[in-house]
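Every number in this text was worked out from the coordinates using simple rules, so none of it is lab data. Values in this document were obtained by computation on a predicted structure and should not be read as measured data. A quick note on method: Cβ atoms are made from the backbone with ideal geometry, for glycine too, and the neighbour counts reach across all protein chains shown.
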Amino acid sequence: MRAARCAGPSRWDGPPRFVALGDSLTEGVGDPVGDGWRGWAALLADGLTGTPASFTNLAVSGSQTRDVLERQLPAALELRPDLVSVVVGVNDTLRCTFDIQAVAARLDQVYAALTEQGAVLLTACLPDPGAMLGLPGALAHPLARRQRAVNTVVHALSDRYGALHLHACEGDWITDRALWSADRLHPGERGHRQLALRFHALLAGHGLATGPAPSPEPEFPAPTTSASLWWLATAGTGWVARRCTDLLPQLLTLAADELRHRARGTSARLDLRASAAVSAALAALSVAEQPDAA
């Protein structure tokens, strides 16, 4: 197992280079500004120091851990960031190809490459999409189990690499509807500001954010109900459809399995199976990192 690295310098020598990697959450979906998205990472960048940070957002909506490893990481390494955020994994849970061992291996490579270059690493665990969407239990539980697996891996690897980790999978902000956009999966402007504030506090606690914290108050009026419904009926519907095309058949199979175990009183076996898969995934990383025998 690689030794954990420290979280980086006690202060920046100048305006830091901040690079954000991830999916639609980091891209800023739910926080529209002009013709694009802003999001928590851009809000955080403004408060890192008293002068503007150099900020590059490489996050792309729909990205999975494979996309971060293969597409975003090389671009990030070229920028040689002082601070880099990696918040990803929900889209992996929404695919029929979900494999926690592959997710763990990809995140391990991403974290290792960035910390070996000397960047301070920001990570976060996230709420499960089934709960956020309000799906029935038999559909929500398999997704929750997958998200817990991803979060466990993120926790373990964040500790291994000395990342500054935000526990965003719990807390009142998840249930406060005023913080979320109409699709129930992405924060609205208030929610993005809350994430930025929490990351800023985390960095400030380590002497790495000396600028003003982002304001919790929105800069723009919240979308009207009619505007939100229109977004759901157009772009929002397409967003969900693209992610459910390959998941839905498998999710129905998982739901049927969930119901069978519930009827037999053996639901705990599904949790144990998921826990064993996570343990195996982390153990595989440790074995892969051992030096070859002489």
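Just order 156-168, 181-193 by mean Cβ neighbour count inside 10 Å, highest at the front, would you? It would help to have the intermediate numbers written out before the result.
On the way: 156-168: 19.8, 181-193: 21.9.
Per-residue mean Cβ counts within 10 Å order the peptides as 181-193, 156-168.
Our summary of shape: the Cα atoms of region 131-198 have principal axis extents of 36, 33, 16 Å, ordered from largest down, in whole angstrom. Across region 72-160, counting alpha-carbon atoms alone, Rg and Dmax equal 14.4, 45 Å.
Between Ala201 and Leu252, full extension at 0.36 nm per residue minus the direct alpha carbon distance yields a gain of 14.3 nm.
Viscosity 1.567 mPa s, temperature 4 °C: Stokes-Einstein D of region 40-111 from its Kirkwood Cα radius, in µm² per second? The calculation lands on 96 µm²/s. Counting Lys and Arg as +1 and Asp and Glu as -1 over every other residue whose Cβ lies under 14 Å from the Cβ of Ser54, the net charge comes to -2. Ranked by the mean number of other Cβ atoms within 10 Å of their residues, highest first, the peptides 273-286, 36-49 fall in the order 36-49, 273-286. Sorting the segments 70-78, 107-115, 25-33 by their mean number of nearby beta carbons within 10 angstrom, highest to lowest, gives 25-33, 107-115, 70-78.
What's the extension gain from Val33 to Arg80 if we count 0.36 nm per residue and subtract their Cα-Cα distance? Intermediate results must be reported in sequence, preceding the final value.
On the way: separation 47, 0.36 × 47 = 16.92 nm, distance 2.75 nm.
Net length gain for the segment: 14.2 nm.
What the Cα convex hull of region 99-213 gives, in volume per residue, is 113 Å³.
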